[in-house]
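Down below is the structure, laid out as structure tokens.
The values are calculated or read from the model by the stated rules, or taken from the named source; none is laboratory data. Every value quoted in this text rests on a predicted model; they were computed, and no experiment measured them. FYI the Cβ positions are ideal-geometry reconstructions off the backbone, even for glycines, and counts take in every protein chain you see. These area figures cover heavy atoms from the full protein model, side chains too; ligands, DNA and RNA do not enter into them. Shrake-Rupley method; radii C 1.70, N 1.55, O 1.52, S 1.80 Å.
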Amino acid sequence: MKLSLRGIVFSALMAAILVLFGYISIPIGFSPVPITLQTLAVMLAGGLLGPLYGFLSIALVVVLTALGFPLLHGTGGLAVLLGPTGGYVIIWPLSALLIGLFLSKVRIQGFKGYIFAFIIIELFGSLLNYVSGVPWLAYAYKMSLPEAMIQGFYPYIIGDLIKAVFATIIIAPVRMVFPPQRLTGNMHSTVVKAES
């Protein structure tokens, strides 16, 4: 696996965006999980940087946070990853990787291309997060799974759909002009054309 300087620089920039988006946090009162733009940063990382650098950019923040750097909401340490939102955070690098991997198989061109891109971004950038996030929330707060769904899933679905739409609108035109290979120096990937 050969890393390019350009890819590392873009990964660092995307990691900084994730940290910045963490400061945009809206508590909803009845849940320990705030509304943030962090999942939007994860979507953008995978969509704009591709699987390798998307994964690296998000993993960098997660690892540094675990080591004690105050990168998520101004806090750091293992307590962040072991807290109620840890299940969501720990899967972010995988989300970015899968978004980048599956988007690399689709040429986002025409209506169908946008729809395919949106489905990929929503599936791996939003819904996948709940696979680990909700059970961990239930465990951390000693609540039932249905209670965890009420506090850690249902209130966020609409917002995540909106973020996935915005991510698609941003990613699609950028990828058409600057594919991840040009942005980061990755090797060419196989593309399936999806046109209207």
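Considering the stretch 125-141 alone, what residues qualify as being surrounded by fewer than 20 Cβ atoms within 10 Å (Cβ to Cβ) and either on the phi > 0 side of the Ramachandran plot or among the hydroxyl-bearing types (Ser, Thr, Tyr) (or both)? Those that are surrounded by fewer than 20 Cβ atoms within 10 Å (Cβ to Cβ) and either on the phi > 0 side of the Ramachandran plot or among the hydroxyl-bearing types (Ser, Thr, Tyr) (or both): SER132, TYR139, TYR141.
Determine, yes or no, whether PHE111 is open to solvent by 90 Å² or more (accessible area, probe 1.4 Å), within 18 Å of the chain's Cα centre (by Cα) and among the hydrophobic types (A, V, I, L, M, F, W, C).
On the way: open to solvent by 90 Å² or more (accessible area, probe 1.4 Å): yes; within 18 Å of the chain's Cα centre (by Cα): no; among the hydrophobic types (A, V, I, L, M, F, W, C): yes.
No: the conditions fail for PHE111.
Residues that are open to solvent by 10 Å² or more (accessible area, probe 1.4 Å), more than 17 Å from ALA12 (Cβ to Cβ) and assigned to a loop (DSSP other than H, G, I, E, B) do occur in the stretch 48-68, at least one of them. When each of LEU13, LEU103 is tested for being crowded, with 18+ Cβ neighbours inside 10 Å, more than 13 Å from the chain's Cα centre (by Cα) and among the hydrophobic types (A, V, I, L, M, F, W, C), the lone residue that passes is LEU103.
Please tell me if PHE21 is surrounded by 14 or more Cβ atoms within 10 Å (Cβ to Cβ), under 18 Å from PHE69 (Cβ atoms) and touching a helix residue (DSSP H, G or I) at 6+ places or on another chain (Cβ under 8 Å). Don't jump to the end; show me each part of the working.
Working: surrounded by 14 or more Cβ atoms within 10 Å (Cβ to Cβ): yes; under 18 Å from PHE69 (Cβ atoms): yes; touching a helix residue (DSSP H, G or I) at 6+ places or on another chain (Cβ under 8 Å): yes.
When the stated conditions are applied, PHE21 passes them.
Give the stretch 21-33 a look and list any residue that's of a type outside the set (S, T, N, Q) and touching a residue at least 12 places away in the same chain (Cβ under 8 Å), or say none.
Restricting attention to the stretch 21-33, the residues satisfying the condition of being of a type outside the set (S, T, N, Q) are 21-24, 26-30, 32-33.
Those that are of a type outside the set (S, T, N, Q) and touching a residue at least 12 places away in the same chain (Cβ under 8 Å): PHE21, GLY22, TYR23, ILE24, ILE28, PHE30, PRO32, VAL33.
Does LEU161 qualify as being open to solvent by 30 Å² or more (accessible area, probe 1.4 Å), touching a helix residue (DSSP H, G or I) at 6+ places or on another chain (Cβ under 6 Å), closer than 18 Å to LEU44 by Cα and in contact (Cβ under 8 Å) with a residue 12 or more places away in the chain? So LEU161 does not fit the description; no.
Filtered by the rule that a residue be assigned to a helix (DSSP H, G or I), β-branched (Val, Ile, Thr), within 25 Å of LEU60 (Cα to Cα) and out of contact with any Ser or Thr (no Cβ under 6 Å at 6 or more places or on another chain), the stretch 73-124 gives VAL89, ILE90, ILE99, ILE120.
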